[in-house]
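Beneath this line is the structure, given in C-alpha cells, with notes to follow.
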Amino acid sequence: MTETASPAGKPGLLAGIRTSGAYHRLLAFSGLLVLMVVFSLASPNFLQTANVLAILQATSVNGVLAIAATLVIITGGIDLSVGTLMTFCAVIAGVILTFLGLPLPLGVIGAILAGTLSGLISGTVIAKLKVPPFIATLGMMLILKGLSLVISGTRPIYFNDTPGFNQIALGSVVGQVLPALPVPNGVMILFLVAIVISFVLGKTALGRYTFALGSNEEAVRLSGVNVDRWKIAVYGLAGSVVGIAGILIASRLNSAQPALGQGYELDAIAAVVIGGTSLSGGRGTVLGTLIGALIISVLANGLRILSVAQEWQTVVTGAIIILAVYVDILRRRKL
Amino acid sequence: MFTRRTLLGAISALALLTSGGAAIAQENYDIALISKGFQHQFWQAVKAGADKAAAEFGVTVTFEGPDNETQVDRQLDMLSAALARGPDAIGFAALDSQAAIPLLQQATDAGIPVIAFDSGVESDIPLTTATTDNIAAAAMAADKMAELIGGEGQIAVVAHDQTSRTGIDRRDGFVNRIAEQYPNIEVVSVQYGAGDQLQSTEITKSILLANPELKGIFGTNEGSAIGVANGKREVGSDIVVIGFDSSKAQLDAIREGVISGAITQNPVGIGYETVKAAVAALKGETLEPVIDTGFYYYDATNIDSPEIKAVVYE
C-alpha cells in the first residue's frame, strides 16, 4: 500500500512524516496482533477459519465506510452522513432493482452514483456556502435518513427478485479457486476499495490536494489552486465509496433496511482514529484505517466468543479507542 | 445494576486478561441468546428471566442484542460470533428473519438447536417460539375496556404501527373482539403514532376534539399508552385509557388513575421459557411449535401484588 505523503512539507519534514506514519501503522498492527494472540490463547474457537472469515465479513461494511471517512478527515473535515448515506444508496438500489425491475448492474451503478451525487452536494455546501463540515454533514445525515424512509415507504425493500444480488457480498469467487478459504466477495471488495483509494491518495493530484487541504488550506489557496473544486471532488469520491458500502450491506441483508445507518458513522470515525489518521487533518493512511476497522471487529468478536457481558464489551471498546489515540499523541510529542 | 451477570462479566474480563479462558464444565450447557435489543427495559427483563432459568437449570447463558432495533447487520455479527463460540443451543429474536436464515441454517447444520423468542422466524429452523399471544392479549384489553365503559359508546385505538407483527396483532385482536362481542360499542378511529409519546399525544388530542362523545382509548404499546395519557391530561378529558406493557410513567399513571389499567406481557417469562425450551431440546424432549409466555391485566388494585410486580418493570 502507498505511503503517506505531505506535498506541502520540505523533504526533511516529509521523510519524518513518512517514518512516523509507518511507525504508527506498525503500532496499530502490533495492537491488532496482540489482540488476536490473546483471544487465540483464551479460546480455541477464535482462530478457526470460519470465525476469521466472519470477522472479515463484519469488517467489510465498516471498513469501506471508514475509508470514505478517511478521505474527508484527511482534508481536515468530517463526514457524519456516511451511515445514513450508505442506507440511502441501498434504498436507491432497491428502487432500481425491486421497484423498477431493472438489471443488476444498473442497481449497482445507481447506488454508487447516488453516493457520488450526495457527496458532491455536501462538498458544495461546505466549499461554496462555507457551512462547517460538521453542520453540513449533520444536516445531510438527517436529510438522507428521512429520504430513505420516504422513498422506501418505511419498509425494508427485499431483493428476492434479483437472483445473485446477495452473492455480491456473500458469494465467494476466491472460494471457487481455493475451496478451503472461501473469503466472501464483500471482503475482497473492501480490499479492492482500499487499494484503489490508497493509490488515489498516494499517486494522484487529487490525493496530493487532499493532504494539502488538511495541512494548510490557506497556503494552497494562495498558491492559486482552486481549493473549492478539489474539496468538492474529495467529498464526491468519499460519497461514491459510501455507495459501495450501501451495495455491500444491502447484499448482505438481501434487503435495504431504511431505518438502519445512524450511528454507523461513529464506528467508521473510530476506525479512522484508531488507525492513526489525525482528526485535525493532513495526515492519515488507508492501511491504518483498515487496521483500525479490523481492531474494532476483532475486539467485538473476541469478547463475544469469550462470553464477556455486553456492558463490559462496550467499556473495553471505549477504553481501546482512547488508548489508541493517547499512544498516538505520546508518539507525536517525541517527534 | 450489580447482578450476578455483571460479576460474571467482570470475571470473564479478568479471565481474558490472565488469558485463562475459563473452561466450561461438562454438563454445563452453554446457551447463547441473541435478542433484538439490549438497553431497553423490556429486553433487560427478558434477560432477567433467562438468568433466572440459567440459575435454576444450572446452565450458562449469554445475552446480547444490538443498540437499537434497526441494526440488522450488527445482530448478524453477534449471531455469527455466537456460532463461532460453539454454544450448545441458540435463542434468537430476529430483527429481520429473512436476513438471518443463512446463519440459522449453519447452526442447524452444526447440530445446534435454535429457539426463537419474542418474534417468530419465517422458517422451520427454530424448534419452537416463546412469545406473547398478542391477539389474545389485545382481546383481553377489549374486554376490560367494554367492562369499564359499561358496554356501549364510542372508543378509539392509538396503535404503534401498521406493519410490524405486534402492531397488526394488537390492533386486530382488539378491534375484532369489540366487533364480535360488543355490538353497542363502536371503534370510531384507529390511528398510528409510531409508539412515539409526543406523536401519540397529538393524535389523542385530535381524536378527543373530533369525538366529544368518546368514552375510551386503547394505546397498543408503552409509548402509545403514555401518549394517550398525556393527551387526556392536556385536554382535561375523563375517558377510560387502557395501555400495554409497562414503564415507570405508565405505572405512575395507573396509580394516579389517568390510565385505568394495562396489559403486560411477561418479558421475564419469555426469557425463562426460551432457556427452558433450549434445555429441553438439548435433553432430546419434543417441543410445542409455540410457547405462549402469557400476559396479565393490571390496574391500581393489583399493581403491587407479587405476581404483577414480577412481570412489570420501571
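Given the pairs B:47/B:205; B:215/B:248; B:205/B:309; B:52/B:248, which span a C-alpha to C-alpha distance of over 28 angstrom in this model? Display every interim value, and only then the final one.
Values: B:47/B:205 36 Å; B:215/B:248 25 Å; B:205/B:309 31 Å; B:52/B:248 23 Å.
Among B:47/B:205; B:215/B:248; B:205/B:309; B:52/B:248, the Cα-Cα distance tops 28 Å for B:47/B:205; B:205/B:309.
Charged neighbours of residue B:166, selected by a Cβ distance under 13 Å, balance to -4 (K, R count +1; D, E count -1).
Using only the Cα atoms of chain B, build the gyration tensor, take square roots of its eigenvalues as a ≥ b ≥ c, and label the shape rounded, prolate or oblate: rounded if a/c is under 1.5, else prolate if a/b is larger than b/c, else oblate.
Since a/c reaches 1.5 and a/b is larger than b/c, the shape of chain B is classed as prolate.
Determine the dipole magnitude for segment B:164-314: charges of +1 sit on the beta-carbon of Lys and Arg, -1 on that of Asp and Glu, nothing else is charged, the reference point is the Cα centre, and the result goes in debye to the nearest 20.
Numbers: 13 positive and 21 negative charges, 23 e Å.
In debye, rounded to 20, segment B:164-314 gives about 100.
Using a Gaussian network model of chain A in which every pair of alpha carbons under 10 angstrom is joined by a spring, one finds that among A:164, A:281, A:119 the greatest mean-square fluctuation is at A:164.
Report relative contact order for segment A:11-334 in percent, whole number only (criteria: Cα-Cα under 8 Å, sequence separation at least 6). Can you show the working numbers first?
On the way: 563 pairs, mean separation 108.8, N = 324.
So the answer I get is 34 percent.
The residues packed around residue B:296, meaning those with a beta-carbon under 13 Å from its beta-carbon, carry a net charge of -3 if Lys and Arg are +1 and Asp and Glu are -1. For segment A:133-138, backbone phi angles converted through the Karplus equation (6.51, -1.76, 1.60; θ = phi - 60°) give residue-by-residue couplings of x, 4, 6, 4, 7, 5 Hz, Gly and Pro being listed as x. What is the local net charge at residue B:312, summed over the other residues whose Cβ is closer than 14 Å to its Cβ (Lys, Arg +1; Asp, Glu -1)? Local charge sum for residue B:312: -4. Computed from label points 7 Å out along Cα-Cβ, the spacing between residue A:229 and residue B:288 is 7.3 nm.
Lysine pairs in chain A 8 or more apart or on different chains: how many have alpha carbons under 29 angstrom apart? Lysine pairs meeting the criterion: 11.
Listed by chain and number, the aspartates and glutamates whose C-alpha is less than 17 Å from the C-alpha of residue B:276, apart from same-chain residues fewer than 8 away, are B:27, B:30, B:51, B:56, B:88, B:118, B:285, B:288, B:292. Calculated FRET efficiency, residue A:33 to residue B:303, Cβ-Cβ distance, R0 = 45 Å: about 0.20 to the nearest 0.05.
Rounded, prolate or oblate for segment A:11-334? Axes are the square roots of the Cα gyration tensor eigenvalues, ordered a ≥ b ≥ c, and the cut-off for rounded is a/c under 1.5. Judged from the Cα gyration tensor, segment A:11-334 comes out oblate (a/c at least 1.5, b/c at or above a/b).
Summing -39500 (n - 2.57) over the DSSP H runs of n ≥ 4 in the protein assembly as shown and dividing by its residue number, what mean residue ellipticity at 222 nm do you reach, to the nearest 500 deg cm²/dmol? That comes out to -20000 deg cm²/dmol.
DSSP beta bridges confined to chain B are antiparallel in about 15 percent of cases.
Every number here is computed from the coordinates shown, using simple stated rules; none is lab data. Note that this is a predicted model, so its numbers are computed, not measured. FYI the Cβ positions are ideal-geometry reconstructions off the backbone, even for glycines, and counts take in every protein chain you see.
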